[in-house]
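This report refers to the structure that appears directly beneath it.
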Amino acid sequence: MLHTDLTPGRTVVIDGRSCLFFSGFSYLGLHQHPVFKSALTEGIQQYGSLFPASRVSNIRLSIYEEMEHALATMMDQQAAVLFSSGYLSGQAAIHYAANCGQLLYAPGTHPAIWHDLPALPTEDRREWEAQTIEKVNSHPDHTFVIVSDTVHPIAGVVFNFDWLQQLNRQVLVVLDDSHGFGILGPDGKGSIHAVPGTDYVRYLVTSSLAKAYSTEGGVITGTAADIAALKRTPYFTASTPLMPANAFAWLQSGALIQQQLQHLKLNMQTTRHLLEGVPCQQHPDLPIFIFPQYDHSPSLADYLAERDLIISSFPYPLPHHAPVHRAIISALHLPKDLQILRQFLIEFYQRHS
């Protein structure tokens, strides 16, 4: 367990040592970018630290509707609704969806979109998909709601949803795109760009705004009817809204966001090239590089930490499981950082593979 007194960016200070930081999220690195921090500071000066009223009170703050419209437009959806966190948006989405049909969870679905404590399926995902197709097609319309993440950030997997085209009954599909929104698809619109549009499927997509955009908040996008209904639930009416300065900073940072997205993609490409020959697993669209831990060899994470380089390493999915070693690339990393990562990885695997 490592502790720091400062928020990590490209580097993190551990026990007085400045270490390269290849962990966490904030893929675009906005939380430590001076232009974004300046926009956030300006937003605090203009709006203060919070909006002291419900979104349904008789006094409304127009910047929320402005951001919701921008997010819906970006994702090519009819409407959007903002929440103060990604977890809250996930809970709002799944509790609304639970009233629309029986929930059919994909294996390994993130707790942010759990309704109570579901018994997640244990079978292979392909097997689950086949079972889901058969179950949905053998029942009347609107009987089921399909629930899934779009990205598995620990395993470095982007899920494919082309199988939804085989459905011939009306169904709602709830997707958590927290680790896809902002980095996947054209201009970072997320996984929604790749899911099939069919006459039988309507989507409700929930996303954290923190993972890519360094913005403490969450969003749900979908049909105008679903979003209007969500805005009548207590998750919206009884919750404190997103800090308005966050909305202001995000709306002011469109050009910066696209610039950082290009930096991230370049860093991902460079890292893939540098790590050729190093044992690792990586989806070409994700800034996540997963490394094996061989039996009877020292911990890769400890080896790198001793050399002032911090990667993500913790047991998953259960506390007693072996740690998963991942290097998370961000838009903040410099070419020399990636070279150092390569150097120590080669050293480790030459010694211990």
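Data for the structure
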read-out	value
Residue ID - surrounded by the most Cβ atoms within 10 Å (Cβ to Cβ), chosen from residues in the stretch 312-352 that are part of a loop (DSSP other than H, G, I, E, B) and more than 19 Å from the chain's Cα centre (by Cα)	H333
Some residue of the stretch 161-173 being part of a loop (DSSP other than H, G, I, E, B), surrounded by 20 or more Cβ atoms within 10 Å (Cβ to Cβ), in contact (Cβ under 8 Å) with a residue 24 or more places away in the chain and more than 20 Å from the chain's Cα centre (by Cα)	yes
Failed item in (1) surrounded by 21 or more Cβ atoms within 10 Å (Cβ to Cβ); (2) in a helix (DSSP H, G or I), with V81 passing the rest	(2)
Residue in the stretch 132-151 that is acidic (D, E) and in contact with a Gly (Cβ under 8 Å, 6 or more places away or on another chain) present	yes
Matching residues, the stretch 8-23, being loosely packed, with under 13 Cβ neighbours inside 10 Å and in a loop (DSSP other than H, G, I, E, B)	D15, G16
Residues located in the stretch 270-311, provided they are surrounded by 13 or more Cβ atoms within 10 Å (Cβ to Cβ) and part of a helix (DSSP H, G or I)	T270, T271, R272, L274, L300, A301, Y303, L304, A305
Failed condition for V158, given (1) in contact with an Asp or Glu (Cβ under 8 Å, 6 or more places away or on another chain); (2) free of Cβ contacts under 8 Å to residues at least 24 places away in the same chain	(2)
Pairs, first free of Cβ contacts under 8 Å to residues at least 40 places away in the same chain in the stretch 314-337, second part of a loop (DSSP other than H, G, I, E, B), C-beta under 6 Å, six or more apart	P315/H321; H325/Q293
Neighbours by Cβ (under 7 Å, 6+ apart or cross-chain): first from the stretch 42-61, over 18 Å from L251 (Cα atoms); second surrounded by 14 or more Cβ atoms within 10 Å (Cβ to Cβ)	R55/Y64; R55/F236; R55/P241
Single match in S178, S148, S207 (criterion: crowded, with 18+ Cβ neighbours inside 10 Å and either aliphatic (A, V, I, L, M) or outside any strand (DSSP E or B) (or both))	S178
Residue tally, condition in contact with a Gly (Cβ under 8 Å, 6 or more places away or on another chain) and surrounded by 17 or more Cβ atoms within 10 Å (Cβ to Cβ), over the stretch 184-200	6
Residues that are crowded, with 23+ Cβ neighbours inside 10 Å, over 22 Å from H33 (Cα atoms) and not hydrophobic (A, V, I, L, M, F, W, C), drawn from the stretch 210-225	T221, G222
Every residue from the stretch 92-119 that is over 15 Å from the mean Cα position of the chain (by Cα), at pLDDT 95 or above and more than 22 Å from D141 (Cβ to Cβ)	A92, P107, W114
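The values are calculated or read from the model by the stated rules, or taken from the named source; none is laboratory data. What you are looking at is a predicted structure, and each value in this text was computed from that prediction instead of being measured. Cβ coordinates were reconstructed from backbone atoms using ideal geometry, including for glycine residues, and neighbour counts include every protein chain displayed.
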